[in-house]
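The values are calculated or read from the model by the stated rules, or taken from the named source; none is laboratory data. What you see is a predicted model; the values in this text were computed from it and never measured. Note: ideal-geometry Cβ built from the backbone for every residue, glycine included; neighbour counts use all protein chains shown. Heads up: the accessible areas ignore ligands, DNA and RNA and are worked out on the full protein's heavy atoms, side chains in. Shrake-Rupley method; radii C 1.70, N 1.55, O 1.52, S 1.80 Å.
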Amino acid sequence: MDGKSLEGYLKGIPGKLAVYCKNLVTGEILDYNGDIPMMAASVIKIPVLIETFRQIQAGMLKKDQLYVLEEGDKLPSCGCLNRMHAGLNLTVQDLYNLMIILSDNTAANILIRLLGGTEEINGSLAKMGYQTCRVNRLLFDSEASDKGIENYVSGREIGDMLEKMYRGKMIDRKSSEEMLEIMKSQRLKNKIPFYFQGCVPIAHKTGEDDGITHDVGIIFGSQPFILCCMSNETDCTRFNRFIQKLAWSLYREA
């Protein structure tokens, strides 16, 4: 597929749209608005996961370090911790698994605070050379959101993070492999994995909000490839169908 064909797929879908695809064998890249900042929704949990593993590798956190769930921690929407009892003991490992596999918002905010807050995470992102991806606020922080403070990602930068994991270069090989295994266990399968029926492993992370739908990941076919599809101010149903069809088409072409 070339850029012209991709534009044909996107024709008629409203909003701010971005697609970044890279064949991890040939190096071929398909890029449509891959560098533009996009409001992140739950895709921001990938940089949070990376910073968690960085701090574990540096000895700043431990996987078995305990956190006691408080009633005030609980957030609506994705996940299960909002249904758990206050006083529940959770390890850091529990939190990052819940954050990715169930996209648990409560787990994400707890981790952001444990990591030292947004400045610490953004400092690490800057040191890694990422200019667009930023964690600027906690999830469901309506006061910050009302002020226009949002979390941002780009297709190319998230794609680079995924490629580093694939090549064992995100933190270290062990961390890279574990992060990908967690993402392979993602339970939200209505976008990139829709047509695959489990026929190939897919490590991915979704994101949803009003007028926002994303899915980013690696499809481990005979020629593994990265696919990052992002949208803001869109018709989510139509863009989800686009993601489904594009992922399957690219897989069959590889």
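Points to keep in mind about this one:
- Legend: calculated FRET efficiency, residue 146 to residue 84, from the Cβ-Cβ distance at R0 = 25 Å, rounded to 0.05, equals 0.30.
- Residues in region 28-54 reached by a label modelled at residue 9 [backbone nitrogen below 12 Å; 7 Å Cα→Cβ]: 30-32
- Nonpolar atom fraction for region 184-254, defined as the carbon and sulfur part of the 1.4 Å probe accessible area, stands at 43 percent.
- Cβ-Cβ FRET estimate between residue 233 and residue 173, R0 fixed at 35 Å, reported to 0.05: 0.35
- Estimated FRET transfer efficiency when R0 is 35 angstrom, pair residue 163-residue 66 (beta carbons, to 0.05): 0.55
- Per residue, the chain exposes 45 Å² of accessible surface when a 1.4 Å probe is rolled over the protein heavy atoms with every protein chain present.
- Cα gyration tensor shape for region 148-254, rounded if a/c is under 1.5, else prolate or oblate: oblate
- Region 169-189 residues near the modelled residue 200 label - backbone nitrogen below 20 Å, point 7 Å along Cα→Cβ: 177, 180-189
- In this structure, the residue pairs whose Cα-Cα separation is over 21 Å, taken from 169/191; 169/205; 45/245; 45/169; 63/174, are 169/191; 45/245.
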